[in-house]
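Peer 1: Just dropping this structure here.
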Amino acid sequence: MNATLVDSNIILDVIKEDSLWGLWSFRQIVVSANMGALYVNQLIYAEVAAAFDKQFELAGFLKSNEIELIDLPWEAAFLAGHTHVHYRRNGGSRERTLPDFMIGSHALVKEFRLVTRDVQPYRTYFPTLDIIAPDTHP
């Protein structure tokens, strides 16, 4: 499957028309959409919700960009919990929260690509995950 999970930083770049990353992020949404389905889960949805005044505005943005909602699988939640424990045991700070691990686990379990600019936690804790990022997809 060529589906892609779209991280919140990518969506926020586009919404805010970020001068540095907005165009790159928009291009990655378009390219990924041409390869397969685009998804956000509940965590990503929650992270971008504050950028909209009304829920229907967020729904409209997602629809206009062909981004669909998908539930987080239970097996991804289980993997995320174990991965987060591993991270904390390796000295990881509380600055990196469980949602990042849930997003990475979701993409890995469903064999989705992940488009993100926040690559460090995903590359470290999900080394087999197919990541679309500025350093690999300029």
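Peer 1: List the equivalent ellipsoid semi-axes of the chain in whole Å, largest first, each obtained as the square root of 5λ for an eigenvalue λ of the Cα gyration tensor.
Peer 2: Details: eigenvalues 110, 52, 47 Å².
Those come to 23, 16, 15 Å.
Peer 1: Hey, quick one: spin label on His86, modelled 7 Å out along Cα-Cβ, who in segment 102-138 has an amide N within reach, i.e. under 12 Å?
Peer 2: 105, 122-129
Peer 1: Would you work out which of Ile44, Phe61, Thr128 lies farthest towards the positive end of the dipole of segment 4-132, given +1 charges on the beta-carbon of Lys and Arg and -1 on that of Asp and Glu, about the Cα centre?
Peer 2: Value computed over the given set: Thr128.
Just so you know, all these numbers are worked out from the coordinates, no wet-lab data involved. Note that this is a predicted model, so its numbers are computed, not measured. Note that each Cβ is placed from the backbone with ideal geometry, even for glycine, and that neighbours are counted across all protein chains shown.
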